Each structure stands twice: as C-alpha cells, then as structure tokens.
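The structure appears right after this line, and notes come after that.
The values are calculated or read from the model by the stated rules, or taken from the named source; none is laboratory data. What you are looking at is a predicted structure, and each value in this text was computed from that prediction instead of being measured. All Cβ positions, even for glycine, are placed from backbone atoms using ideal geometry, and neighbour counts span all protein chains on display.
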Amino acid sequence: MGVVLYGGAFDPPHLGHVAVAGSAREHFGVERLVVLVSEHPAHRPVLASAADRLALARAAFPVDDVQLDPYGRTVELLRAEAFDDPVFVIGADQFRGFLAWSEPAEVLERTRIAVATRPGIPRSELDAVLEQLDRPERVVFFEIEPNPAASTDIRARVAAGEPLDGLLPAAVARLVTELGLYRP
C-alpha cells in the first residue's frame, strides 16, 4: 500500500482525530500518512484561518507530512496530486453522506476509502451507502476506539472558558490559547 491520506477541516484537531490517524496507520501498516488540512472546506464553515488550522494540525499529528489542501473537493485533490496507491480515511459519519460528495464514483476510481467505524453509527446505515456504490470493493472498514471529542463542542468550551482536559493534544491546547482562537 502506498499512502494513507487523512483530510479534514481540523477546526481544531482533537484527540479523536489523532486516534483515527494512528489507527489507520497501524491498520494499514503504512509508513506514509499525509494529513491534509482543507483550506476552504466545501462541507462546513470554519472559524480559524487555514494558516492557524495548519499550525494546529502540525502540533496534533505525529507525522512528517501535514499539508494544506487547496482543493475544495476530494475529487479535485485526487485529480491534481499524484499519490501512490492512496487510501483516503474518513469517519463513518462522513461515509453516511458519501453519495452526496462531488463525483463519488471517480473518487473511488482514484482512491480506496477507509471508513473508521465506532459505536453510535449503525452498520446498517453504512451498508446502505455501500450497496449503492459501483465499486463497493474499494471501501474498507476499520474500528476505532470511541472518543467523545468533537470540534464543535471544543470550540464552545473554549468560548465558555471551560477546561479541555482529555479532548485536545497538549500542544494544540497551548496553541489555541496562544493564538486566541475560538474566544468570543
């Protein structure tokens, strides 16, 4: 296997994100994990700038390759970049909406999809998406440990001045404070 790609808004990256990246790297036995910080996510608004989210991601992920993804859609990234036998990691929540992605069939032609599953998202919902794909063999599922961290909740906690213990890597928590992110 060539490279595992893990992309997101990372607004901010939390321990759940870090766990997914680590589990994917271990599950697929790859040496190269590329973390892609979406510059302008097509699927959600972001509060922190792309430069700040890139700095946060570099603090969060123990990998050498953390890059800014200037493409608005996954298919555009895969068309433009020459990744060697890529596997694109997404969460089960994202896979539920995979059919609404821009050109999902082409995404599956250009990369395999690795879906990180966890309790709380019924397998039947994932199977319903899988059944509608032309290339379901290009999708693989792997389990991750449940983690309660969610970027939306973390931003709310920062804004309220609440503790972030057990939600963010220490280096990310320091940067959030230093940069004054997510404060009202």
Within region 36-80, track down each residue that is acidic (Asp, Glu), modelled with pLDDT of 90 or more and in contact with a strand residue (DSSP E or B) (Cβ under 6 Å, 6 or more places away or on another chain). 39
Let me spell it out: the conditions are (1) without any contact (Cβ under 8 Å) to a residue 40 or more places away in the chain; (2) farther than 22 Å from residue 148 by Cβ, and residue 26 meets all of them except one. Which number is the exception? (2)
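Every residue, every condition in (1) under 19 Å from residue 184 (Cα atoms); (2) loosely packed, with under 12 Cβ neighbours inside 10 Å, yes or no:
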position	(1), (2)
120	no, yes
133	no, no
146	no, yes
155	yes, no
158	yes, no
161	yes, yes
164	yes, no
168	no, no
172	yes, no
Just checking: which of the helices (runs of 4 or more DSSP H) contained wholly in region 1-98 hold 1 or more residues that are in contact with a Phe, Trp or Tyr (Cβ under 6 Å, 6 or more places away or on another chain)? 15-28, 50-60, 74-80
Only one of (1) surrounded by fewer than 17 Cβ atoms within 10 Å (Cβ to Cβ); (2) touching a residue at least 24 places away in the same chain (Cβ under 8 Å); (3) under 18 Å from residue 146 (Cα atoms) fails for residue 16. Which number is that? (1)
Can you pull out the residues in region 1-57 that are in contact with a Pro (Cβ under 6 Å, 6 or more places away or on another chain), among the aliphatic types (A, V, I, L, M) and over 19 Å from residue 152 (Cβ atoms)? 3, 5
Subset of region 128-172, residues of a type in the set (D, E, K, R), without any contact (Cβ under 8 Å) to a residue 60 or more places away in the chain and assigned to a helix (DSSP H, G or I), comes to 137, 138, 153, 157
